[in-house]
Amino acid sequence: MLAGVALYLGVFTLWPLGRLLLEALGENAAGETLGILRDQWESRSTSRALWNTLEAGSLATLVSILLGGTMAFVVALTNVRAKTALTFALLLPLLVPSQITALAWIELIGPSSPILRPLGLASPPGTTNPLYSLWGIVLVMGVEHAALVFLAVRAGLRAMPRDLVEAARISGARPLVATMRIVLPLALPSLIAGAALAFVSAIGNFGVPALLGIPGRYTMLTTLIYQRLNGFGPSVLGEVAAIALILILIAVAGLALRALVAARMNARVERASAMLRPFPLGRARLPVEAAVWSVLVFVSFLPLVALLASSLTPAVGVRLSLETITLDNYRFAVLGQDVARRAFANSFLLAGATALVAGLVAVPLAYLAVMRRMKAARGLDLVADTPYAIPGTVLAIGAILVFLPPLPLIGVSVYNSLWIILFAYFARFMTLALRPVTASLETIEPALDEAARIAGARAFRRLFAIILPVAAPAAVAGGLLIFMTAFNELTVSALLWSSGAETLGVVVFFLQYEGNSPAAAALATATVVVTLVLALILDQVGRWLPGDVVPWRDATG
């Protein structure tokens with residue numbers, strides 16, 4: 001079992017990333033040591049893209065902290081109602097792919113906005129969409145990644161002991177004073193952890209900078225890689241590998257800074273007491289709920305409503321009314337194009353195969369790491385997390401470097417086929433299946449496996465008889481998470497697709513890029529519907545899963 005898992009992670013994860021590292025650290029045309037990396041570091045376009053990446057990533061993280069942190073405190077510390085619905089609304093921008101989120105915001109804020117234009121609040125016709133700028137990228141990425149800060153802070157608040165706060169309340173401290181002097185300092189490490197995740201996600205984001213930054217001439221590192229590779233092909237693989245290495249270094253620096261600050265600020269408290277009891281808001285509850293829902297309606301639902309409305313208009317600039325409403329964009333984008341039908345089939349195939357294979361690998365890996373406590377398996381567990389922690393663009397370049405030449409032994413190249421996208425997905429989404437299975441197995445008493453082993457049951461029999469019945473719901477949940485994410489994926493497939501191997505994310509991106517906004521909105525709306533149906537199924541599966549495997553389900557009610 002261990003050898004099979006190691007082979008999987010070695011081929012699909014370690015080989016591409018190692019190959020990328022070697023390529024980026026190679027000599028340049030003049031034979032200078034580390035010449036490729038130094039050339040890119042000194043390049044004016046790379047320096048500008050690096051600064052833009054740091055600028056947009058930092059500002060977007062501030063937006064995520066403000067939105068996600070505030071919502072976490074409201075949900076975890078107060079007695080507002082409908083917490084599961086509130087959490088799902090906040091997570092919605094993260095569940096929807098970034099390119100579709102950006103497209104929805106373009107439709108909401110632009111001069112032809114079906115919502116702001118009737119109210120006289122849209123920008124004048126013929127003017128540039130104000131989102132095509134640094135501040136547009138900051139707003140959309142900040143909203144999208146606020147969910148990461150929310151989840152981290154909420155987890156920290158749930159782990160906080162009740163005794164400290166109740167002691168302060170008995171001493172006469174009001175809820176606001178207890179929150180500012182006790183809860184906030186203890187929640188700071190969780191806030192920093194969430195901020196680091198939001199920053200790493202922002203610098204690796206491709207969909208938002210591609211749809212908002214390229215028209216606004218605001219280039220980030222991910223879009224610079226795409227433009228170089230799209231313009232010059234595999235001949236610039238060394239250059240883009242060096243740029244990708246810079247992205248990795250920024251991501252590692254961000255996560256290392258988070259670990260350092262959290263270690264220094266982490267206060268040791270007694271965790272044995274019960275969870276915090278929410279503060280009653282009294283007469284302020286209704287105004288607080290109204291304010292929270294107003295914000296969530298604006299950032300989570302209005303963009304999607306604008307996307308739906310745009311998909312029903314006959315052309316850009318035409319007002320939506322009972323006389324103009326049409327389904328022609330759906331007939332054209334979803335049913336009328338061979339490329340769209342092919343993209344649907346390809347995305348279903350890629351997402352389904354990835355969910356199935358990753359789930360099959362996750363169960364034995366989690367078993368060996370959690371139940372058998374094997375050091376090698378724990379190391380592979382960390383390897384499985386790596387492709388999801390680094391930008392998808394980096395993984396895509398590694399896949400090109402490895403799978404562009406003919407494969408050893410069989411002499412066939414998988415470049416320009418669905419196989420290269422599938423192999424990259426195997427690495428990218430493995431952790432989404434592994435985390436729920438690991439959480440599920442941590443609830444099993446290891447003595448069960450030990451007793452079966454003493455009774456003479458072999459490893460595979462124990463895996464099927466004891467582990468699989470417990471891990472199956474979690475594996476299904478992980479598979480659904482993978483399917484939801486991979487079905488609309490763009491960051492990896494934007495660099496790996498080819499004619500005949502298009503994905504839905506790629507087709508939506510190019511419809512918008514070519515100026516056919518209503519068709520792009522129609523196809524994007526169809527994919528959002530599929531995502532929401534999968535989320536509903538996942539919510540039902542979550543009834544049989546422990547803890548926060550389904551993140552929007554509120555265990556505290």
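Can you list the helices (runs of 4 or more DSSP H) found entirely within the stretch 62-151 that contain at least 1 residues being at pLDDT 90 or above and closer than 21 Å to Ile214 by Cα?
Qualifying helices (runs of 4 or more DSSP H): 98-109.
Out of the residues in the stretch 503-520 that are open to solvent by 10 Å² or more (accessible area, probe 1.4 Å), of a type outside the set (Gly, Ala, Ser) and outside any helix (DSSP H, G or I), state the one that is nearest to Arg331 (Cα to Cα).
Looking at residues that are open to solvent by 10 Å² or more (accessible area, probe 1.4 Å), of a type outside the set (Gly, Ala, Ser) and outside any helix (DSSP H, G or I), I get Asn516.
Among the numbered conditions (1) more than 22 Å from the chain's Cα centre (by Cα); (2) surrounded by 24 or more Cβ atoms within 10 Å (Cβ to Cβ); (3) at pLDDT below 80, tell me where Ala477 comes up short.
Result: Ala477 fails condition (1) only.
Name every residue in the stretch 391-432 that is surrounded by fewer than 21 Cβ atoms within 10 Å (Cβ to Cβ), under 23 Å from Val240 (Cα atoms) and among the β-branched types (Val, Ile, Thr), in order of residue number.
Val414
Here are Ala369, Ala333: which of them is open to solvent by less than 20 Å² (accessible area, probe 1.4 Å), small (Gly, Ala, Ser) and more than 28 Å from Glu502 (Cβ to Cβ)?
On the way: Ala333 fails: more than 28 Å from Glu502 (Cβ to Cβ).
That would be Ala369, the only listed residue that is open to solvent by less than 20 Å² (accessible area, probe 1.4 Å), small (Gly, Ala, Ser) and more than 28 Å from Glu502 (Cβ to Cβ).
One line per residue, one yes/no per condition, for (1) crowded, with 20+ Cβ neighbours inside 10 Å; (2) of a type outside the set (S, T, N, Q); (3) at pLDDT 90 or above:
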| site | (1), (2), (3) |
| --- | --- |
| Gly213 | yes, yes, yes |
| Arg217 | no, yes, yes |
| Asn230 | no, no, no |
| Ala262 | no, yes, no |
| Ser273 | no, no, no |
| Phe279 | no, yes, no |
| Pro314 | no, yes, no |
| Gly317 | no, yes, no |
| Leu322 | no, yes, no |
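Determine if the stretch 342-353 includes at least one residue that is free of Cβ contacts under 8 Å to residues at least 12 places away in the same chain, of a type outside the set (Gly, Ala, Ser), open to solvent by 80 Å² or more (accessible area, probe 1.4 Å) and touching a helix residue (DSSP H, G or I) at 6+ places or on another chain (Cβ under 8 Å). Working first, answer last.
In the first step, residues of the stretch 342-353 are kept if they are free of Cβ contacts under 8 Å to residues at least 12 places away in the same chain; the result is 345.
Subsequent filtering for residues that are of a type outside the set (Gly, Ala, Ser) retains none.
Scanning the stretch 342-353 turns up no residue that is free of Cβ contacts under 8 Å to residues at least 12 places away in the same chain, of a type outside the set (Gly, Ala, Ser), open to solvent by 80 Å² or more (accessible area, probe 1.4 Å) and touching a helix residue (DSSP H, G or I) at 6+ places or on another chain (Cβ under 8 Å).
Could we say that Ala193 is of a type in the set (A, V, I, L, M), open to solvent by 10 Å² or more (accessible area, probe 1.4 Å) and under 29 Å from Leu21 (Cβ atoms) here?
The answer is yes for Ala193.
Let me confirm something: among Ile106, Ile100, which residue is open to solvent by 10 Å² or more (accessible area, probe 1.4 Å) and among the β-branched types (Val, Ile, Thr)? Talk me through it step by step, then tell me what you get.
Working: Ile100 fails: open to solvent by 10 Å² or more (accessible area, probe 1.4 Å).
Residue meeting the stated conditions: Ile106.
Please verify whether the stretch 331-345 includes one or more residues that are more than 25 Å from Gly207 (Cβ to Cβ), at pLDDT 85 or above and part of a loop (DSSP other than H, G, I, E, B).
Here is the first cut: in the stretch 331-345, the residues more than 25 Å from Gly207 (Cβ to Cβ) are 331.
Next cut, at pLDDT 85 or above only: 331.
Filter again for part of a loop (DSSP other than H, G, I, E, B), leaving none.
The answer is no; no qualifying residue exists.
Among the numbered conditions (1) under 21 Å from Val240 (Cα atoms); (2) in a loop (DSSP other than H, G, I, E, B), tell me where Thr443 comes up short.
(1)
Condition check: touching a Gly at 6+ places or on another chain (Cβ under 8 Å), closer than 29 Å to Gly505 by Cα and in a helix (DSSP H, G or I). Does Gly57 satisfy that?
Values: touching a Gly at 6+ places or on another chain (Cβ under 8 Å): no; closer than 29 Å to Gly505 by Cα: yes; in a helix (DSSP H, G or I): yes.
It is false that Gly57 is touching a Gly at 6+ places or on another chain (Cβ under 8 Å), closer than 29 Å to Gly505 by Cα and in a helix (DSSP H, G or I).
Only residues that are surrounded by 17 or more Cβ atoms within 10 Å (Cβ to Cβ) and more than 12 Å from Met220 (Cβ to Cβ): list them for the stretch 25-54, please.
Asn28, Gly35, Ile36, Leu37, Asp39, Gln40 - these are the residues of the stretch 25-54 that are surrounded by 17 or more Cβ atoms within 10 Å (Cβ to Cβ) and more than 12 Å from Met220 (Cβ to Cβ).
Quick check on the stretch 133-151. Is at least one of its residues farther than 27 Å from Trp293 by Cβ and of a type outside the set (D, E, K, R)?
Start the filter on the stretch 133-151 by keeping residues that are farther than 27 Å from Trp293 by Cβ, which leaves 133-134.
Imposing the further condition that a residue be of a type outside the set (D, E, K, R) reduces the set to 133-134.
Among the residues of the stretch 133-151, at least one is farther than 27 Å from Trp293 by Cβ and of a type outside the set (D, E, K, R), which makes the answer yes.
The values are calculated or read from the model by the stated rules, or taken from the named source; none is laboratory data. As the structure is a computational prediction, the values presented were derived from the model and not from experiment. Positions of Cβ are generated from backbone atoms using ideal geometry, with glycine treated the same way; all protein chains shown enter the neighbour counts. Surface accessibility is based on the protein's heavy atoms, side chains included, excluding ligands, DNA and RNA. Shrake-Rupley method; radii C 1.70, N 1.55, O 1.52, S 1.80 Å.
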